[in-house]
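The values are calculated or read from the model by the stated rules, or taken from the named source; none is laboratory data. These figures come from a predicted structure and were not determined experimentally. Reconstructed Cβ throughout: ideal geometry from the backbone, glycine too, with neighbour counts over all protein chains shown. In case anyone asks, the SASA skips ligands and DNA or RNA and just uses the protein heavy atoms, side chains included. Shrake-Rupley method; radii C 1.70, N 1.55, O 1.52, S 1.80 Å.
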Amino acid sequence: MHEVLFVTSEMYPFSKTGGLGDVMGALPLSLHNKGVNTAVITPLYGRMNLDGNKVRLVYSDLHVGYPWSPITAEIYQVDYHGMPVYFVGRGEYFDRRHYYNTHTGDYFDNCERFIFFCRAVMKWARLLPEPPAVIHSHDWQSSLVPAYLHYARYEESFWKNTKSVATIHNLAFQGRFSGRLFNDSGLPMSAWHMDGAEFHGDFNMLKTGIAYSDAVTTVSPTYAEEILGPEFGCGLEGILAKHSGKLLGILNGADYKVWDPRDDKFLPCCYSSANLKGKRECKKTVLREFYMSDQLEDRPVLGFIGRIRDQKGVDMLIDIIPRLMEKEIGLIVLGEGNLMYEAQLLELMESYPGRLSVQVGYTEDLAHAIQAGCDIFLMPSRYEPCGLTQIYALRYGTPPVATAVGGLCDTITPYPSPEATGFTFAKADKKLFLSAIEQALSAWEDRESWMKMVQRAMDKEFSWDRSADEYIRMYRDLGARI
Ligand code: ADP
Ligand code: GLC
């Protein structure tokens, strides 16, 4: 029996576009290792990393049904560290170059693709010998599952004890489509109202999940509070406030099996808080790899890794680059996203050869190299549900400069506290961002106390173990038999 079934559109190392993939690569295994019988179900994309995993076909023609009857799905299974991971396959939906969008925008049929995914999950789960105690869906792509379960409970006793949890990793992505597409979901008209699936006349998948799940969680306690107000609520603050009694913030962890400089297959040498010699070597390597001046070996080098989007404050970074470049420092940027910001960054790189390096693209090994090789990590997010890159930066001894929002507040102890692990600024404003960087640069000059901050940051522990316990407690509080 699967006690907890995770439903997700990404799971590292099979698929990943950001933090959701990382979380799904770690949290289910963490529960599994605690003895909870856990499984994950996710789409089978054309471009995914299945290397070395034996893939078994479980169903070749699972009937998914209405509204495209007789549409079918294939279900595959992989045994991942002893935990079953299931894949929903249907070539014309998932065998594409990207997961959700191209540079020119979202795939036109995203609504249909993820209705299909959620329906396939429910049809497949119905064939299990026993129902899962909890079905835990993540983000809008999986958000119809709680609603399907809500209605299925009325019809089939099979589902009567199954609880649903919907986790919001980013409230800005809601899966909002034309109201006409609601019919394709197969949900009854009784779900079509302002406290259900309807949102200003549109069909809103995330809202549907919030309305019909037994519990809603998000990925940090601060973000759980922020989204109840208009500034961060993305229009859903009303429905969230209505359901605030079932809303909980559980801080993400970091997967230190993947992100730890003591044992990182992507680094030229490893290091720890007790022996930082290797970090210097990593810095030399990263400077070489990014064609940076070797004079920067003894000067602070700043790093940014992330989606090149407004959420991540990339526009503020672009605006202050000329001011930063007046200082004797280096800056490395890795990311992809908004074409205009990418072009602006690449143009700026021409003006500061050897001191500003921009790599447009998504490259796992370079992300590790930057975390290890830089001195200061930049994360000027406008909002941040949790943020994992700053948690990795702490472990890699690269104190972050970040906006005091969401999970950044919950993970960084700001300077000048004697316990400081990084620097924060009150709100997304480029002047405040620049002065926080200046504060970090002057703190960097005091080498002795800087090294102490680096060690403190590295010794911080954000393991999944603690978060997994909180999830288990929440499932039990719902009455799930785990
Ligand atoms: P978000 O999920 O909002 O993008 P997180 O900080 O939670 O932000 O997680 C981002 C994850 O994606 C991290 O693992 C980070 O290293 C990775 N990442 C983001 N951009 C890139 C990139 N261009 N190349 C490689 N990894 C990236
Ligand atoms: C989202 C958020 C990010 C969070 C990640 C994993 O992508 O933007 O803050 O860390 O999900 O939960």
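Straight-distance candidates among the aspartates and glutamates for linking to LYS123, with alpha-carbon spacing under 15 Å and chain neighbours fewer than 8 residues away dropped: ASP61, GLU74, GLU155, GLU156.
Rounded to the nearest 5, what % of DSSP beta bridges with both residues in the chain are antiparallel?
About 30 percent, rounded to the nearest 5.
Within the same chain, lysines fewer than 8 places from LYS460 are excluded, and of the rest, those with a Cα less than 19 Å from its Cα are LYS257, LYS279, LYS452. Distance between the 7 Å Cα→Cβ label points at ARG280 and LYS34: 4.2 nm. Per-residue packing, averaged as other Cβ atoms within 10 Å, sorts the ranges 469-477, 76-84 into the order 469-477, 76-84, beginning with the highest. Sorting 366-372, 310-316 by average packing, meaning the other beta carbons within 10 Å per residue, from highest down gives 366-372, 310-316. For the chain, what % of the accessible area comes from carbon and sulfur atoms, probe 1.4 Å? The C+S portion of the solvent-accessible surface of the chain is 49 percent.
Based on the convex hull around the alpha carbon atoms, the chain presents an average projected area of 21.6 nm². Between PHE377 and GLY303, VAL401, the built amide H atoms are under 5 Å apart, and every one of these is 5 or more places off in sequence or on another chain.
With the simple spin-label model, which puts each label point 7 Å out from Cα in the Cβ direction, the MET451 to LYS431 separation comes to 3.8 nm. When all protein chains stay in place and ligands, DNA and RNA are ignored, the 1.4 Å accessible-area order of HIS98, HIS136, largest first, is HIS98, HIS136.
Ligands, DNA and RNA aside, LYS427 has an accessible area near 120 Å² when probed at 1.4 Å.
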